[in-house]
Every structure is written in C-alpha cells, then in structure tokens.
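The values are calculated or read from the model by the stated rules, or taken from the named source; none is laboratory data. Predicted model, so just to flag it, every value in this text is computed and none were measured. Glycine also receives a Cβ, built like all others from the backbone with ideal geometry; neighbour counts cover every protein chain displayed.
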Amino acid sequence: MSDLMGLIYTGDNGERLSELTAMRAVAALPVGARYRVIDFVLSSLVSSGARNVGIIMQKNYHSLIDHLGSGKEWDLHGKRQGLVILPPYQTPDNIGVYSGLMDAIRSNMVFLHRSRERYVVVTDSGLLYTANYDEMLAQHVRTGADITLMYTRLPGIRRSGNGHYIRVTEDGRVTELENQPVTPSYDATYMEAFLIRRDLLIELADRAVSRAQYHFTRELLQQAIRENQLKIYGWENTNPAWRLDTVQAYFDCSMALLKPEIRSQTLRTDRPVWTKMRDEMPTRYTPDAKVSNSLLADGCIIEGTVENSVIFRGVHVMRGAVVRNAVIMQDGYIMPGAHVEGCILDKQVTVRDGVTLCAPETYPVVIGKGMRV
C-alpha cells in the first residue's frame, strides 16, 4: 500500500473567469471535451498510488459533488479508504468561510487525524496539470525535506502581479520566495502544491491558525524560508501546465490541447486521466459534415463544419452551421446557418438560425449557461 494521501483545496471562486464560474468552482470547470479540471490532479494522485483523498470545498460546490459522486471512476470507493468530501460547516470556531488554506486545513483536522498515511500532497485547484507525485515523494524522502514544493519553469504560467516565485539552488533547496511581484526575479513558479509529512502538517496548521496565519504561502511559508525554520526543497514538474485564472487563460488551454504533442503529454496512456462517465452513443457524422483538428466527445451529432474546436458531450451542430476556434460545452445546439468563432459557450446554449457570434482569439466571448442567442 502507498504511504501517500491527497488533500485538494477548492476554495477559490474564480471571479476573473466571468460566467464560467458563476455557478461552479474552478475545480468543476469543464475542459478538454469530456473532463473537469479536478480530474487531472485527482487522476495523478491515483496513478501515484494515493487511495485516500480529501476534497475541501467552500463555494459553488454542488456541481463538483455531482461530478465526483462516490469516487468509483477513480477507484476511490473502498470501505476504509477512498474519496472524502469535506464541505464547509459551521462550528463555534468555523463560520463556514475559510480565510485561507491553513484555516481550511485546521477546520478539517479530523480527516487528517483519522488518516493513516505518513505523507500528504496538498494542492490547490486553480491549475491544470498532471504530475508524478510518486517521483516527488521519492525525492522528498531522499533529501530529508520537511516540505517539498512543486514548481515549473514554463513561461506561460507566469503572471505580472500574481503568483508565487521561488529561488531553487542547484541541490534543490528553496532559499527565496516572492509573493505576487509585478516583475518576478526567479523563473521557477510555485504551482500551489506541496508534499509534507501528515503529522507535521497537523502541527503547522494548528500553530499557524493560533497565530492568525491563515495563508500558507505568504505567511507560513514566507516566514519559514526567511528564518530558515524548515528544510524546504523544490521538485520540478516538466509536464504542460496552465493557470486557469482568466477567460483568456481557459481559452488558450483549450486551444493548446488541440496540438497532438501537448495532448500526448497531458492525456498520457501510461497515466490516464479518469472522469465521470456518461452513457452516450458515439458521435455521429453525416455525409455533409466537415471536421478538422478538433476534440469531440461522445453523444454529438455533427452535420455542419467544425474546425479547431473543442466540442463536449451531446452537442448538435446542424447542417450549414460553422464552428471555428471555439469551445462548445455539453448539450449545445448550433442551428442551421449559425456561425460561432472565437467564443466559449457554456452548457445548454442554443445559437439560433443564421446568428453569427464572432470574437478574436485574443478576446474570447463567453455565453452563459442555458442562454439562447
């Protein structure tokens, strides 16, 4: 049995993602024609041997709970271990809204005390990536680190005035940390995921909250690095990764998955990404259909033209309709003569006959769930 467990924090509310996260957490955001964002980190944990995973929730979590279910799609539905949903609840010490990651961990201490694994991966849900956590654990044990931070050197994940950046020495030690600088000094971006001993996490969370330190990175971690209180190492994730913090970032991620080399590194055959199944017929293409360089899920009916697009389950593109450089989520309906380009259509959107929705790829337009245009 693996000595690794997972703890995923989905407390972000994604204000800058517009209508995409108005009714769902970022972790529940559909991506890649059939997946949700949380599928990637959850599948990585399972592939790395974790069989005990807690999901800390805070806002807009109903669709996320519906998606996760009992966890059987990820083989996390055992009698004694598996997927544990940790929704917010009110107590004399907890008002149901977490002030930060450490506050969330402190409020769910019972789950950590009840677990038996020695090591825990704690990760946020605002980034999409796959990771070999077992390799991260091997380095953590080999170096004798107290905390191992996951980082990437990909330039596309950096943000001016946002994100956390670390200085990693040749032997892997983390010696500096910058929080949300306008111009980062270091090329290593902390990916908001770290590995730590479970007993040490319990101790740090309890001590931090008692000192009104609710944020892991800018309070606890910053102080630990500055005062050299803990042995902190970095582990580089070389797989593709995206920070899903804006509509543009989500659109760019979707378009990147259309590239075979990016898709093969993200949706790997040796470490597959699992998701909730939906019993659908295979996608049907009529003789007039024209499809090129696109991702299509099952259950679709394609009668028109689809180019460079991501099409989710149950979408119907009727004869004469054109979908180009777009993301059409589940059960969308594109009627005859409609033209959709450079747009993101949420679930159950209908584009009526002859309507044209066009936007530049540098400024994609979002159409909210269930709308008719």
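From the list ASP331, ASP252, exactly one residue is in the same structural domain as ALA22 (by TED's automatic domain parsing), closer than 25 Å to PHE40 by Cβ and touching a Phe, Trp or Tyr at 6+ places or on another chain (Cβ under 9 Å). Which is it?
ASP252
Might you check whether a residue that is in contact (Cβ under 8 Å) with a residue 40 or more places away in the chain and either outside any strand (DSSP E or B) or among the acidic types (Asp, Glu) (or both) occurs anywhere in segment 314-328?
Yes, some residue in segment 314-328 is in contact (Cβ under 8 Å) with a residue 40 or more places away in the chain and either outside any strand (DSSP E or B) or among the acidic types (Asp, Glu) (or both).
Give the residues of segment 275-323 that are surrounded by fewer than 17 Cβ atoms within 10 Å (Cβ to Cβ), under 19 Å from GLU73 (Cβ atoms) and among the aromatic types (Phe, Trp, Tyr), sorted by residue number.
Selection gives nothing.
Give the residue, chosen from ALA205, ALA224, ALA193, that is surrounded by 14 or more Cβ atoms within 10 Å (Cβ to Cβ) and in a strand (DSSP E or B).
The match here is ALA193.
For segment 69-184, which strands (runs of 3 or more DSSP E) that fit wholly inside it have 1 or more residues that are touching a Cys at 6+ places or on another chain (Cβ under 8 Å) and in contact (Cβ under 8 Å) with a residue 24 or more places away in the chain?
Answer list for segment 69-184: 127-129.
Quick one: which of LEU64, LEU17, LEU7 is assigned to a strand (DSSP E or B) and aliphatic (A, V, I, L, M)?
LEU7
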